[in-house]
Amino acid sequence: MGQVVEPLVYGHGTGLSPIAVVASTVFWTWLWGPLGLLLAMPLTVCLVVLGRHVEGLNFFEVLLGDKPAFTPQQSFYQRALTGDSAEATYQAELCLKEQPLATYLDNVVLKGLQLVERDFERGALDEENLKRISTTVKEIMDNLADFEPRRWFRKVEPAEKKEDAETGLASLSTMDEVEEDLLPILEPADLAPGWEEEDSVLCIGGRTPLDEAAAAMLAGLLKKHGLKACLAESETISAGHIVSLDAAKTKLVCLSFLGIGSSSAQVRYLVRRLRRILPPGCIILVGYWAADAAGEPVKALEETAEADAYATSLQQASEIAVNAARRPGLELVTSRLYPNAEVRSNRDKAFVATEVPLKIVPRPPDDRPSRGGSKPRKHHNG
């Protein structure tokens, strides 16, 4: 009880690590005897609370607390900055056992790149650091190319109505038992004409090496879903090199931006430049991955950038691409990650110029409460 059970129980209940409970008990008992044994836990908890709220005493929380010193985003930042792609990939694989790839990229890697962008803007990092981080991200995505837990994805099946032999009720052949909020893998036969060609999807970074790193993540994610995506360097869309861009068979161009800069004029001119060389009907998707992307910046982009679609997360961008690439008549299950009507209308703009209307099969309502005890999310039909 004293050496195993109590340290574990007290540690989790007070925010202390079990080792800190044992070490503090030994120390205060050695210092004050029986009185120290009685006061060991209260004194140690006070030190942890002081370290949590007083900046100069933060080392107490690091030494005695049970929380990791780095958040997952900061841990990724540290490994990417040092160029340790192997350790970063290992940490990614540990996280991917509990969550899909798109969720990990949105919540950890993109947020880590936002920290990098913030440090670069205040002068703490230089261009060489950005290039090293971008190279590390590309190596991570290459290492994860063959890492595919089965629960990440599901195959596409045409949602045809079929008659139940016993009840006589019609049912949809959607895969209801598969985990929610996962986009499907598109087989070659599921792709629309032209989308089966190599490099039919181009992912391009907008300005900086960090933009190119985000584009590499999107390209890797789209490949997981069966699209023929490739990464193009940012220099290929500059005024002097854009004429050499091979885009004759391109169906979708994804532009990635971690920060737009002073205005959205640069994005607008870049979209216009791409329109001159892209084939008719090609979709231009602008991905804006900044921390404040859900507010005014995206509204400003919609008003001025003249693109076909906009995304603020890799999951949303992959949803746009997968729905655009499906063959006519193939019905997909709508994602419930983005039930907000504004986001859905933003996604549907990708199909304004297409002849085949977007057709989505809604899932049946689910009344089960979420893990956090919140109310079940409302479902929006496509």
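Take the Cβ atoms of R275 and E187, set R0 to 25 Å, and the FRET efficiency comes out at 0.20.
A crude spin-label estimate for the pair T82 and E198, with each label 7 Å from Cα along the Cβ direction, gives 3.8 nm.
Once you have the Cα-Cα distance between A145 and R122, take 0.36 nm times their residue separation minus that, and quote the gain in nm to one decimal. Before the final figure, lay out the partial values.
Working: separation 23, 0.36 × 23 = 8.28 nm, distance 3.41 nm.
4.9 nm is the gain from fully extending A145 to R122.
Here the Karplus relation 6.51 cos²θ - 1.76 cosθ + 1.60, evaluated at θ = phi - 60°, turns the backbone of segment 249-258 into coupling constants of 10, 6, 9, 8, 10, 10, 9, 10, 9, 8 Hz, with x for every Gly and Pro.
List the pairs from K138/K299; K228/K249; K67/K111 whose alpha-carbon separation is above 21 Å, in the order I gave them.
On the way: K138/K299 30 Å; K228/K249 11 Å; K67/K111 19 Å.
K138/K299, as the Cα separations exceed 21 Å there.
Near A192, the amide H atoms lying under 5 Å from its own belong to R326, R327; only residues 5 or more places off or on other chains count, and H is placed 1.01 Å from N. Computed with a 1.4 Å probe on the full set of protein chains, the accessible area for W289 sits at about 0 Å². Note: segment 62-114, Cα convex hull, 89 Å³ per residue.
You can think of it this way: the chain between E235 and T71 has 55.7 nm of extra reach, that is 0.36 nm per residue less the Cα-Cα gap. Treating each Cα of segment 239-291 as one equal point scatterer and applying the Debye formula with no solvent, the log10 of I(q)/I(0) at q = 0.15, 0.18, 0.23 Å⁻¹ comes out as -0.45, -0.63, -0.95. Distant-in-sequence amide contacts of I185, defined by a placed amide H-H separation under 5 Å and a gap of 5 or more residues or a different chain, comprise R154, K155, V156. The phi torsions of segment 32-37, fed into the Karplus equation with coefficients 6.51, -1.76 and 1.60 and a -60° offset, translate into couplings of 10, x, x, 5, x, 5 Hz, rounded to whole numbers, with Gly and Pro shown as x. Between H53 and I242, the simple spin-label model (points 7 angstrom out along Cα→Cβ) gives 5.6 nm. Phi angles across segment 276-283 convert, under the Karplus curve 6.51 cos²θ - 1.76 cosθ + 1.60 with θ = phi - 60°, into 3J(HN,Hα) values of 5, 10, 7, x, x, x, 5, 8 Hz, Gly and Pro given as x.
How much net charge surrounds M217 when only other residues with a Cβ under 13 Å from its Cβ are counted (Lys, Arg +1; Asp, Glu -1)?
Numbers: positive: K111, K138, K223, K224; negative: D106, E139, D142, D211, E212.
In short, -1.
The values are calculated or read from the model by the stated rules, or taken from the named source; none is laboratory data. Please read these numbers as outputs of a predicted model, since none were measured by experiment. Here the Cβ is made from the backbone with ideal geometry for all residues, glycine too, and neighbour counts use every protein chain on show. These accessible areas exclude ligands, DNA and RNA; they are computed on the full protein's heavy atoms, side chains included. Shrake-Rupley method; radii C 1.70, N 1.55, O 1.52, S 1.80 Å.
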